[in-house]
Amino acid sequence: MADWAGLQTDILGVIVKKLAVPDYLRFRAVCTSWNHLCRDVFNCPRIDPWLMLPTNALNDSKFLCVPERKNQTIRLPSTVTIFGSTWIPVGSSHGWLIFYSPSHGTMQLVNPISGMQFNLPPIGRRAFSKAMLLDMNDTNFTVAVILRDQKGYKVTRKGSNSWSSVESKHDLVDIFKHRRQLYTVDIYGTVQLWAEPPRSWPDEDAPQVNDPYHNLIHYPHQHGKLNCLVESPAGDLMRVKRQSNDKFVVWILDKGTFSWEKVDNIRDFALFVSYYSSVCYRAKDHLNLKSNCVYFIDSYSNLCAFNLENRTKELVEALEPAHAHGHPEPHAVRRRPEGQRYMWLIPSLR
């Protein structure tokens, strides 16, 4: 029988870096020496983009690993129905999922890989929009939520037993932390940096309305269009806007002039966008990923890639429609468009 534990550590280190997260977890369970090897911060697995899929099982979550085109089912006991309360996923960032219970008005953070979880302060039975884990480290985390019935956002931190409210001029659609600064996007596409003095960039594509009438005029189509912020592996802040069902526009924040530059080439990067979470990967580091593309869910529940340069759409994977799975959604999150029932996850071992 081969002495697997006796293999050279440098060879094992090379193997580990090529493993996807599920294979990595099996690898480190083989023996004590392999487990010890995996504790080295330099021996990390390949982190692929995962798409969280709807599922009939209330206590299971299903994910599609896009580069490998493989499904992975992970049991999440904390999301099972409790006293008739279904936990609904409303956010994903830093490798954590954020769940909300509409019937009890409670929330929790869950890491589907490590199994860790944190209960968040009760937020009440509200018309919920989305949640974002702004930052996460060994000692602290910050969570922000956007509600449909309130302008601005609410925020809480690890150890807090309540939420703090922050007001904004208009309803928000996204909130993002970049280089220790907080940015938001409102329903009119305006990006604002929450700092002193405040700075904002209007959306050039949005209708221009004088301030006295701004709150009296509504653009329902604006709510359905994705408008989000993403950080690239190079540390750039990107703004991604869905102009139509199958077309996207990308801007990059110029650090020198502090202005947005519209681009049709994001080099070897690939963007993965959804209503609840958006991430950016270096395409060449992953199998089957195409650079300079925006990966998204279209109106037919297909995973597609939009090429920014030639502005064409390509089918990546046909998914089962979200309505074919699960149970009826509670009123607080009901009537979500099909594409809003999927979200991206960056698997995290921490």
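Of the numbered criteria (1) touching a Leu at 6+ places or on another chain (Cβ under 7 Å); (2) open to solvent by less than 40 Å² (accessible area, probe 1.4 Å), the one residue 275 fails is (2). Do we have any residue at all in the range 82-95 that's at pLDDT 90 or above, β-branched (Val, Ile, Thr) and either in contact with a Leu (Cβ under 6 Å, 6 or more places away or on another chain) or open to solvent by 50 Å² or more (accessible area, probe 1.4 Å) (or both)? Among the residues of the range 82-95, not one is at pLDDT 90 or above, β-branched (Val, Ile, Thr) and either in contact with a Leu (Cβ under 6 Å, 6 or more places away or on another chain) or open to solvent by 50 Å² or more (accessible area, probe 1.4 Å) (or both), which makes the answer no. Of all residues in the range 221-249, how many are modelled with pLDDT under 90 and either among the hydroxyl-bearing types (Ser, Thr, Tyr) or more than 12 Å from residue 294 (Cα to Cα) (or both)? Residues flagged as modelled with pLDDT under 90 and either among the hydroxyl-bearing types (Ser, Thr, Tyr) or more than 12 Å from residue 294 (Cα to Cα) (or both) within the range 221-249 amount to 9.
Looking across the range 231-257, the residues that are β-branched (Val, Ile, Thr) and buried (at least 19 other Cβ atoms within 10 Å of the Cβ) come down to 240, 250.
The set of residues in the range 135-149 being aromatic (Phe, Trp, Tyr) and either free of Cβ contacts under 8 Å to residues at least 12 places away in the same chain or open to solvent by 50 Å² or more (accessible area, probe 1.4 Å) (or both) is empty. Here the range 156-180 is the region considered, the condition is being open to solvent by less than 30 Å² (accessible area, probe 1.4 Å) and outside any strand (DSSP E or B), and the residue that is farthest from residue 136 (Cα to Cα) is 170. One residue stands out among those in the range 299-314 that are closer than 20 Å to residue 343 by Cα and open to solvent by less than 30 Å² (accessible area, probe 1.4 Å): the one that is modelled with the lowest pLDDT, which is 301. Residue-level analysis places residue 132 outside the set of residues that are closer than 18 Å to residue 99 by Cβ, of a type outside the set (Lys, Arg) and open to solvent by 30 Å² or more (accessible area, probe 1.4 Å).
The values are calculated or read from the model by the stated rules, or taken from the named source; none is laboratory data. Everything quoted here is computed from the prediction, not taken from an experiment. Here Cβ is always computed from backbone atoms with ideal geometry, including for glycine, and neighbour counts include all displayed protein chains. Ligands, DNA and RNA are stripped out before the accessible areas are found, and what is left, the full protein with its side chains, is counted by its heavy atoms. Shrake-Rupley method; radii C 1.70, N 1.55, O 1.52, S 1.80 Å.
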